[in-house]
Amino acid sequence: MVNVEMPDLSRFPALRRARALEAILEPGDVLWLPRYWWHYVHQLDAPSENISLNFWCGRKGTDRFMQNLRTAPAPSAEEVAVASSEAAATAEAMGRHESERERVEAADDALLEADADLAFSCLHAGRIIESAAVRLLGDDKSKGYLFLSAIAAGADARWPPNATAAISNARRIRSELIGLLGSSVAANALLRMIARDGRLSPGLAPPIEGDIVNTEKGVMTPDEEVTRWFARRGAQGAIVVCTC
């Protein structure tokens, strides 16, 4: 969503806290990335062409994570309701005072910085509940992200009683996070961090422009694109990004 070389910090202020490692790869080089590390690749010699090959090594820990999710002790309905009310009160205070927003965000960051295992669980859980929220809203990404942003702000604590399906789904997400992460404090912190700075707001990401080929899990690069690569003689080498 952000141009990391020329970031708009007014739209993405959390990027100020980002830390990165930078390297220049030559033809034939291999870059190994630990699992769950984000990466950004920029071709320095554009518009010449190159071929980048990615190899995913090892498992991502999904089976173990889901087992932990299924066996985590479930909080009581009262605990979940209290957590929703606490999220709503915190969101209201953050909206009234910028100093309170800064304090809460710093506390959320410190919570994960102090516990590497909790930070790893939050990273994995965040990606899963984003996908779950989208599925709950009929595979509509915009609606799913708005729903998750509402939960992060504790809006479910104020929804009318007749909104039974929405309340039930919101409470289930919060309940599973509390059980998995061990506390309502960690669960609410994760939800706030997921939605921080409007990250899940529809339309926040700029439109993709230029000659870009994107492949996700289970999707192959189109045959015509591969043919075009090999038909031209401009590719002089390969950069391999190895994600483990």
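For this structure, a couple of remarks:
Residue by residue, here is whether (1) surrounded by 15 or more Cβ atoms within 10 Å (Cβ to Cβ); (2) closer than 29 Å to residue 67 by Cβ; (3) of a type outside the set (Gly, Ala, Ser); (4) out of contact with any Pro (no Cβ under 6 Å at 6 or more places or on another chain) holds:
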site	(1), (2), (3), (4)
78	no, yes, yes, yes
113	no, yes, yes, yes
120	yes, yes, yes, yes
134	yes, yes, yes, yes
153	yes, no, no, yes
163	no, no, no, yes
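- The sole residue among 170, 157, 150 that is at pLDDT 90 or above and touching a Phe, Trp or Tyr at 6+ places or on another chain (Cβ under 8 Å) is 170.
- Looking across the range 145-168, the residues that are more than 19 Å from residue 91 (Cβ to Cβ) and not hydroxyl-bearing (Ser, Thr, Tyr) come down to 161, 162, 165.
- The residue of the range 146-193 that is nearest to residue 115 (Cα to Cα), among those that are without any contact (Cβ under 8 Å) to a residue 60 or more places away in the chain and assigned to a loop (DSSP other than H, G, I, E, B), is 183.
The values are calculated or read from the model by the stated rules, or taken from the named source; none is laboratory data. Quick caveat: nothing in here was measured; it's all calculated off a predicted structure. Note that each Cβ is placed from the backbone with ideal geometry, even for glycine, and that neighbours are counted across all protein chains shown.
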